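Input: a single structure, listed below in structure tokens.
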Amino acid sequence: MTMLEHHIDEVVTLLAGARRVAVLTGAGISAESGVPTFRGQDGLWKHYRAESLATPEAFERDPALVWEWYEWRRGLIASVEPNAGHRVLAGWEDAFEEFAVITQNVDGLHDKAGSRTVVELHGNIWKLRCTREGTVEEIRETPLPHLPPICPSCGALRRPHVVWFGEALDPAVLGRAAEISRAGQVMVVLGTSGLVHPAASLPYAAARAGAKIVEVNVEPTPLTPQADHFLPGKAGEILPALDRRLREARAA
Ligand code: APR
């Protein structure tokens, strides 16, 4: 048995005994679907300046440029499918008494995979928000007919319903994520560099509340020294392996 298999078995024992499980995901879980991460080798922030594309100031300065970039990302995300990692998490909704996915991703791939309990910390790229009325509408059409899109009721600009750098998260959304994190007996942290707060603080809050932390990533992160288990590898490979062993353990 390899070291990884041994660690996977330890995590399966933990999961098999848990009733309440929370999962925190980042861009890494969508990497195998073909959605670029932000800070990885070929990450978006290696090619684009976050300051000129993902801040309220950038949108104020040049909404057309910001929308061009978001439209490119919408087109890319529309062309990909959830991967095995997303699908396992969708299946885990029925494998535990309480289960929820807290995601930093705006790609909507957890929903597309069939997950029902998803907390979107940073919003959703398929939703547009009126900059005057604050109304939010889901529009999956890509390309959008007009860029930048205009609110049909008041004529103001619409913006992507996502959280930009320098903006606060929706307090109700963050509150729910914190509640779920504290209530979990196990928190599985998948494919996040753990550099962006407040999302990055959720595993620590979960651990303080007594949860066991399982981290899955292709490389160590600042969280790794605090994690109870670190499973090195791709989410789309580790999750199916965990799922298979969990089913075997439960069938035994
Ligand atoms: N499986 C598991 N982990 C992976 C995989 C994979 N297939 N591929 C990459 N990773 C890991 C990387 O090693 C890295 O630690 O996923 C992480 C991705 O980190 P980031 O690109 O920083 O993405 P994330 O942590 O989600 O970023 C947080 O920052 O840019 C903002 O709002 C944006 O939500 C985003 C936030």
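The values are calculated or read from the model by the stated rules, or taken from the named source; none is laboratory data. If you're wondering where the values come from, they're calculated on a predicted model, not measured in any experiment. We place every Cβ from the backbone using ideal geometry, glycine too, and count neighbours over all the protein chains shown. Just the protein is used for accessible areas: all its heavy atoms, side chains included, with ligands, DNA and RNA removed. Shrake-Rupley method; radii C 1.70, N 1.55, O 1.52, S 1.80 Å.
Wholly within the range 19-82, which helices (runs of 4 or more DSSP H) include no fewer than the required count, namely at least 1 residues that are near the ligand (Cβ under 10 Å from one of its atoms)? Walk me through how you get there before you give the answer.
Details: elements: 28-31, 44-47, 50-53, 56-61, 63-78.
Of the helices (runs of 4 or more DSSP H) lying wholly inside the range 19-82, those with at least 1 residues that are near the ligand (Cβ under 10 Å from one of its atoms) span 28-31, 44-47, 50-53.
Using beta carbons and a limit of 9 Å, which pairs, at least six apart or on different chains, have the first residue in the range 216-240 and at positive phi and the second one more than 10 Å from the ligand (Cβ to nearest atom) and open to solvent by less than 20 Å² (accessible area, probe 1.4 Å)?
G233/A241
If you scan the range 117-166, which residues turn out to be assigned to a loop (DSSP other than H, G, I, E, B), away from the ligand (no atom under 16 Å from the Cβ), in contact (Cβ under 8 Å) with a residue 24 or more places away in the chain and farther than 15 Å from F59 by Cβ?
Passing the criteria: T117, R140, T142, P143, L144, C154.
Taking the residues in the range 117-162 that are open to solvent by less than 20 Å² (accessible area, probe 1.4 Å) and small (G, A, S) as candidates, determine which candidate is farthest from T25 (Cα to Cα).
A156
Consider W92 carefully, then state whether it is in contact (Cβ under 8 Å) with a residue 60 or more places away in the chain, touching a Phe, Trp or Tyr at 6+ places or on another chain (Cβ under 6 Å) and assigned to a helix (DSSP H, G or I).
Numbers: in contact (Cβ under 8 Å) with a residue 60 or more places away in the chain: yes; touching a Phe, Trp or Tyr at 6+ places or on another chain (Cβ under 6 Å): yes; assigned to a helix (DSSP H, G or I): yes.
Yes.
For the range 194-213, what are the residues that are open to solvent by 50 Å² or more (accessible area, probe 1.4 Å) and away from the ligand (no atom under 13 Å from the Cβ)?
As a first pass, look at the range 194-213 and keep what is open to solvent by 50 Å² or more (accessible area, probe 1.4 Å): 195, 197, 204, 208-210, 212.
Selection gives Y204, R208, A209, G210, K212.
Can you tell me which residue is nearest to L190 (Cα to Cα) among those in the range 214-240 that are among the small types (G, A, S) and near the ligand (Cβ under 10 Å from one of its atoms)?
A235
Can T2 be described as on the phi < 0 side of the Ramachandran plot, open to solvent by less than 60 Å² (accessible area, probe 1.4 Å) and not aliphatic (A, V, I, L, M)? Walk me through how you get there before you give the answer.
Numbers: on the phi < 0 side of the Ramachandran plot: yes; open to solvent by less than 60 Å² (accessible area, probe 1.4 Å): no; not aliphatic (A, V, I, L, M): yes.
Criteria not met by T2.
Of the residues that sit in the range 181-193 and are open to solvent by 20 Å² or more (accessible area, probe 1.4 Å) and small (G, A, S), which one is farthest from G123 (Cα to Cα)?
It comes out as A183.
Name every residue in the range 167-180 that is away from the ligand (no atom under 16 Å from the Cβ), under 21 Å from E98 (Cβ atoms) and either open to solvent by less than 50 Å² (accessible area, probe 1.4 Å) or without any contact (Cβ under 8 Å) to a residue 24 or more places away in the chain (or both), in order of residue number. Can you show your working first?
Taking the range 167-180 and keeping what is away from the ligand (no atom under 16 Å from the Cβ), we get 171-172, 175-176, 178-180.
Okay, now just the ones that are also under 21 Å from E98 (Cβ atoms), so 172, 175-176, 178-180.
Residues satisfying the conditions are A172, G175, A178, E179, I180.
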